[in-house]
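In what follows, a single structure is set out as structure tokens and then discussed.
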Amino acid sequence: MRIAAGQVQAAPGAMLRRFYATLLKSFGPQGWWPARTRWEVIWGAILTQNTTWRNASLAIKNLRKAGMLGWRSLRQASLSEIEQLIRPAGFYRQKARALHTFIDWIEDTHGGSLNLLFAQGAAPARAQLLQLKGIGPETADAILLYSGRHPVFVADAYTRRVLSRHGLLPAKASYESAQQILHQHLPVDQAMFNEFHALLVEAAKRYCHRNVAYCEECPLRSFLERNSKLETGNSVPKPDFESRVSVFAKAQELHTQREFQV
Ligand code: SF4
């Protein structure tokens, strides 16, 4: 976020912590990541790409039923077997290859040990993960945060949507720049990053949809006015606020047609 006025430079961190406290009070702990093992977190992070968690969890359920959640059993399975099992997650050919690529790589590079992967530290592990086909920044960070327990914020589209509508991130912030801002303004706290990201996803799914925001029902509604003042005092692009007002108005119109969408 490009903050021009000196007097608001300390505000984003304080505001982010208030968002966190408000969401936690409203929604309670989210218990992420919903997985039984660190391996399962990784499969889930790959399978949930470009689809809903519901579809990814159906694929994981199939893998579990087939006894293929362990990396060794998954490695022994053919690509076509995996493809059939993970079909509900969509893009099943690419995702089956991504799973195999990860498994081959971790065996060749780290002897199949997640401990060795994560013990290098977040930055080297991230750099290695990003070399793998089928793993982008968001997937790598989900793996580092939820499987490796490293303090890395997953600045996904939900996070960017909610925070940019409140002027805490620039509109259209890239993944990397949004993450940089969050790292700059939040304490380095893995447990908080874990919970905060999960809470932001929940807020976006329940209230802050891509094309319409149900602000009147959202626990973050009390920050709208406060943040509009913050926006006036810094250089966050004005369209953030205008679009927020516009989606709020649209929310009134569409209220009766409401459906949960991502
Ligand atoms: S729904 Fe409204 S109040 Fe809630 S996060 Fe989105 S813009 Fe903010």
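Derivation of every value follows stated rules applied to the coordinates shown; laboratory data play no part. Here the structure is a predicted model, which is why all the values come from computation and not from measurement. With ideal geometry, Cβ positions are generated from the backbone for all residues, glycine too; neighbour counts draw on all protein chains shown.
Taking other C-beta atoms within 10 Å as the exposure proxy, F153, F223 rank F223, F153 from fewest upward. Beyond 32 Å in Cα-Cα separation lie the following of the pairs K61/K205; K25/K133; K25/K65; K61/K172; K65/K172: K25/K133; K25/K65; K61/K172; K65/K172. At full extension, E107 and A191 could sit 27.4 nm farther apart than now, given 0.36 nm per residue minus the alpha carbon distance. The stretch between A14 and R64 holds 13.8 nm of extra length on full extension. This uses 0.36 nm per residue minus the Cα-Cα distance.
Extending 7 Å from the Cα toward the beta-carbon at both R93 and A123 defines two label points whose distance is 4.0 nm.
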